[in-house]
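J.: Have a look at this one.
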Amino acid sequence: MVHAPILANSPETELVGIWARRPEAAEKLAAKHGSLAVASYEELLDRCEAIAFCVPPDVQAELAVQAAKAGKTLLFEKPIALDLGAAQRLVDAVDAAGVRTVLLLSLRYAEPVAAFLEQAKTIGRPLGGRVAWVSGALRQGSPFATPWRLERGPLPDLGPHAIDLVDAALGPVVAVKASGDRLGWVSLLLTHDTGATSTVDLCANAGAGSVTSVEVYGYAGAATLDASNAADATSMMRVPAALAAAARGEETTAPDIHRGLHLQGIIDAAEGQLR
């Protein structure tokens, strides 16, 4: 839904090949975007300077190690893996290969989010914050109701976005307490290294209503964000630009795989408590 259109239509990138475990899916997508369906993942690696992943997290963690060893710049979906051990092995492989990475935390490429994070710098010493992310994205018929999401619930899917924003606004998260039903409503209490605390409420099975809001408070002010429609076609076109810059070896402000590992550690700890 996202990767092929932005990579095919950006002046910064050329979509030179698509591989999928189902050849017919690769062929259909390639025909739609003027690309080529390749017969194997190895052939894709031979054709590309950079690889973008749009597969389940456990598959991504496995395929990306091979791509890193081949020296490719990598565009990751979140979460970068399905457990912390696999995430750490992936990061170790990336670091050993010395390749550049970009993490597709979609909200980070949106102007309203950039403005929110700038406003958060003015709140003074942080006090706390809260995130509410409620939708019906995992209900029957939704394109997001994929097997791994249905099995693991909203935490590994929505959690990286939500935690990333309060982590960036209030300081790195150093502890988490989790409660709730991992397939229903998940509540997190986060402690930040600044002494601030924040709450994150996640649900993707709500029968009605949808909200994606972020609020942070400090001794000198506050910053708020309605993130419901923050990421749009314009903001997503900044992703291939970040990938191309990474491939050229340029410094970027885009989140990378190390950001993904930090978020994975928080989510892993929370999932352990919910189990």
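The values are calculated or read from the model by the stated rules, or taken from the named source; none is laboratory data. Treat the numbers as computed from the prediction; the structure is a model and nothing was measured. Ideal geometry is used to build each Cβ from the backbone, glycine not excepted, and the neighbour counts take in all protein chains shown. Note: accessible area is taken over every heavy atom of the protein model, side chains too, but ligands, DNA and RNA are not part of it. Shrake-Rupley method; radii C 1.70, N 1.55, O 1.52, S 1.80 Å.
Here is a yes/no grid of residues against (1) under 30 Å from R100 (Cα atoms); (2) in contact (Cβ under 8 Å) with a residue 12 or more places away in the chain:
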{"site": "A208", "(1), (2)": "no, yes"}
{"site": "G221", "(1), (2)": "no, yes"}
{"site": "A233", "(1), (2)": "yes, no"}
{"site": "R238", "(1), (2)": "yes, yes"}
{"site": "A246", "(1), (2)": "yes, yes"}
{"site": "I267", "(1), (2)": "yes, yes"}
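J.: Where in segment 147-258 are there strands (runs of 3 or more DSSP E), lying fully within it, with 1 or more residues that are hydrophobic (A, V, I, L, M, F, W, C) and either in contact with a Ser or Thr (Cβ under 7 Å, 6 or more places away or on another chain) or surrounded by fewer than 22 Cβ atoms within 10 Å (Cβ to Cβ) (or both)? Lay out the reasoning, then the answer.
T.: Numbers: elements: 173-180, 185-192, 197-203, 211-218, 221-226.
Once the strands (runs of 3 or more DSSP E) in segment 147-258 are filtered for at least 1 residues that are hydrophobic (A, V, I, L, M, F, W, C) and either in contact with a Ser or Thr (Cβ under 7 Å, 6 or more places away or on another chain) or surrounded by fewer than 22 Cβ atoms within 10 Å (Cβ to Cβ) (or both), what remains is 173-180, 185-192, 211-218, 221-226.
J.: Would it be correct to say that A93 is without any contact (Cβ under 8 Å) to a residue 12 or more places away in the chain, more than 21 Å from P172 (Cβ to Cβ) and not acidic (D, E)?
T.: no
J.: Additional query: Being without any contact (Cβ under 8 Å) to a residue 24 or more places away in the chain and touching an Asp or Glu at 6+ places or on another chain (Cβ under 7 Å) is the filter here, so list the residues in segment 116-165 that pass it.
T.: If the condition is that a residue be without any contact (Cβ under 8 Å) to a residue 24 or more places away in the chain and touching an Asp or Glu at 6+ places or on another chain (Cβ under 7 Å), then no residue fits.
J.: Hey, any hits in segment 64-84 for a residue that's open to solvent by less than 20 Å² (accessible area, probe 1.4 Å) and β-branched (V, I, T)?
T.: Yes, there is a match, as at least one residue in segment 64-84 is open to solvent by less than 20 Å² (accessible area, probe 1.4 Å) and β-branched (V, I, T).
J.: What's the number of the condition V99 fails, among (1) under 19 Å from R21 (Cβ atoms); (2) touching a strand residue (DSSP E or B) at 6+ places or on another chain (Cβ under 9 Å); (3) assigned to a loop (DSSP other than H, G, I, E, B)?
T.: Going through the list (1) under 19 Å from R21 (Cβ atoms); (2) touching a strand residue (DSSP E or B) at 6+ places or on another chain (Cβ under 9 Å); (3) assigned to a loop (DSSP other than H, G, I, E, B), V99 breaks only (1).
J.: Within segment 30-39, is even one residue of a type outside the set (G, A, S) and under 23 Å from the mean Cα position of the chain (by Cα)? Walk me through it before giving the result.
T.: The first filter runs over segment 30-39 and keeps only residues of a type outside the set (G, A, S), leaving 32-33, 36, 38.
Next, from what is left, pick out any that are under 23 Å from the mean Cα position of the chain (by Cα): none.
No, segment 30-39 contains no residue that is of a type outside the set (G, A, S) and under 23 Å from the mean Cα position of the chain (by Cα).
J.: Could you list, in sequence order, the residues of segment 13-35 that are open to solvent by less than 80 Å² (accessible area, probe 1.4 Å), under 25 Å from A245 (Cα atoms) and either among the acidic types (D, E) or part of a loop (DSSP other than H, G, I, E, B) (or both)?
T.: Across segment 13-35, the qualifying residues are T13, L15, V16, G17, W19, G34, S35.
J.: Another question about this same structure. Looking at V134 and the list (1) open to solvent by 40 Å² or more (accessible area, probe 1.4 Å); (2) over 19 Å from R259 (Cα atoms); (3) in contact with a Ser or Thr (Cβ under 7 Å, 6 or more places away or on another chain), which single condition is not satisfied?
T.: (1)
J.: Search segment 44-63 for residues being assigned to a loop (DSSP other than H, G, I, E, B) and free of Cβ contacts under 8 Å to residues at least 60 places away in the same chain, and hand back the single one that is most open to solvent (accessible area, probe 1.4 Å).
T.: C54
J.: Restricting the search to segment 115-153, which residues are of a type in the set (F, W, Y) and under 27 Å from E271 (Cα atoms)?
T.: Once the filter is applied, which keeps residues that are of a type in the set (F, W, Y) and under 27 Å from E271 (Cα atoms), segment 115-153 yields W133, F144, W148.
J.: What is the residue count in segment 1-12 for residues that are open to solvent by 30 Å² or more (accessible area, probe 1.4 Å) and either of a type in the set (V, I, T) or free of Cβ contacts under 8 Å to residues at least 40 places away in the same chain (or both)?
T.: Initially, segment 1-12 is screened for residues open to solvent by 30 Å² or more (accessible area, probe 1.4 Å), giving 1-2, 5, 8-9, 11-12.
Next cut, either of a type in the set (V, I, T) or free of Cβ contacts under 8 Å to residues at least 40 places away in the same chain (or both) only: 2, 5, 8, 11.
Of the residues in segment 1-12, 4 are open to solvent by 30 Å² or more (accessible area, probe 1.4 Å) and either of a type in the set (V, I, T) or free of Cβ contacts under 8 Å to residues at least 40 places away in the same chain (or both).
J.: Here's another thing I want to ask about it. Could you list, in sequence order, the residues of segment 23-67 that are under 22 Å from A96 (Cα atoms) and aliphatic (A, V, I, L, M)?
T.: Across segment 23-67, the qualifying residues are L44, L45, A50, I51, A52, V59, A61, L63, A64, V65, A67.
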